[in-house]
Structures are given as structure tokens and as C-alpha cells.
1. In degrees between 0 and 90, to the nearest 10, how far off the longest principal axis of the chain does helix 89-100 point, with axes built from Cα atoms?
2. Quickly estimate the mean residue ellipticity at 222 nm for the chain, helices only: each DSSP H run with n ≥ 4 gives -39500 (n - 2.57), and the total goes over all residues, rounded to 500.
3. How much FRET efficiency would the formula 1/(1 + (r/R0)^6) give for THR89 and ASP37, where r is the Cβ-Cβ distance and R0 is 41 Å, rounded to 0.05?
4. Around LEU118, with a cut-off of 11 angstrom between Cβ atoms, what is the net charge of the other residues, counting Lys and Arg +1 and Asp and Glu -1?
5. Among 44-56, 77-89, how do they line up from the highest to the lowest mean number of other beta-carbon atoms within 10 Å?
6. Taking only the Cα atoms of the stretch 68-124, how large is their convex hull per residue, in Å³?
7. Cα axis of helix 67-77 to longest principal axis of the chain: angle in degrees, 0 to 90, nearest 10?
8. Looking at [x] 19, 17, 14; [y] 29, 16, 14; [z] 21, 17, 14, which value of semi-axes √(5λ) of the Cα gyration tensor in Å comes from a calculation on the structure shown?
Amino acid sequence: MELSYLWIAGMLGFVIWKLLGMRRSPGQLATIQSALDAGAVLLDVRSESEFQGGHLPGARNVPVARIAGAAAELKASGHVVVVYCASGTRAGMATRVLRSAGVASVLNLGTFGLGRSLRFSPPA
């Protein structure tokens, strides 16, 4: 019986950790907004089917499994890269891969839902 309580407590702790990890401070969101206003590359690292189901305006789809293959191009562009996914987990993975590949400035937006609070310029 005590084992089930430990399991429930562990799961509850995990859920709280995930929820807190998805949050971005107003300062972080302002930094991301400034980067987007200045022409940052917006990467949606969800699957192609998730992307086709809806995405943030101007986002480019590079599923997390293919992010390493896009790193050289992103590094050469010299642009800030803003990454997001559904829950923030894949965005975190993509952020680490891009940074380790030498992409100078990578910002982790976290979730698609957080992106809805940002302003997007109309396409040129």
C-alpha cells in the first residue's frame, strides 16, 4: 500500500515539474518577442502531422529527429533561432542539439501554446 502512495507522489511531482518547466517569465517572453521582431528563425520541432494541424505564423517545421541535419544551415544564417514544440520537451532537446552544434543564439520558447501570446508580423 505504501508503494502506491510513493508512486502517486512521484507522478504528482513529475507533473508539477513539467508544468513549471513550461512557464516563461515576462522577461524571457520579451526577449523572444524582440528576437522574432528582429527576424529570428522560428522552428517548430513537432512532427509534420502536428505542424500541418496548426502552427505559429512564419514557423518552419524541422522535426526534432532531423534538427541535427539543419544545424549547419541555421549556424551559417547567423540568425537567432526560436524553438518550440507541443510540451516543451522536444524544444529543449532541439535547443541542446543546436547549441552543441555551434548555433550562436538559440531561444527555447517551450510550447506552442506560449507562442500564441506573441505578436507576429504579417508576411512580407
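Read-outs throughout are calculated quantities, based only on the coordinates presented, and are distinct from any laboratory measurement. No experiment lies behind these values; they were computed from the predicted model shown. Note that each Cβ is placed from the backbone with ideal geometry, even for glycine, and that neighbours are counted across all protein chains shown.
1. 50
2. Working: 6 runs with 64 residues, N = 124.
Helices in the chain give a 222 nm mean residue ellipticity of -15500 deg cm²/dmol.
3. Numbers: r = 27 Å, r/R0 = 0.66.
The formula returns an efficiency of 0.95 here.
4. Values: positive: ARG24, ARG116, ARG119; negative: ASP37.
Once positives and negatives cancel, what remains is +2.
5. Details: 44-56: 16.6, 77-89: 19.9.
Those peptides, ordered most packed to least, come out 77-89, 44-56.
6. On the way: hull volume 5.2 nm³, N = 57.
Considering the Cα atoms of the stretch 68-124, their hull volume per residue is 91 Å³.
7. 40
8. Identified label for the calculated read-out: [y].
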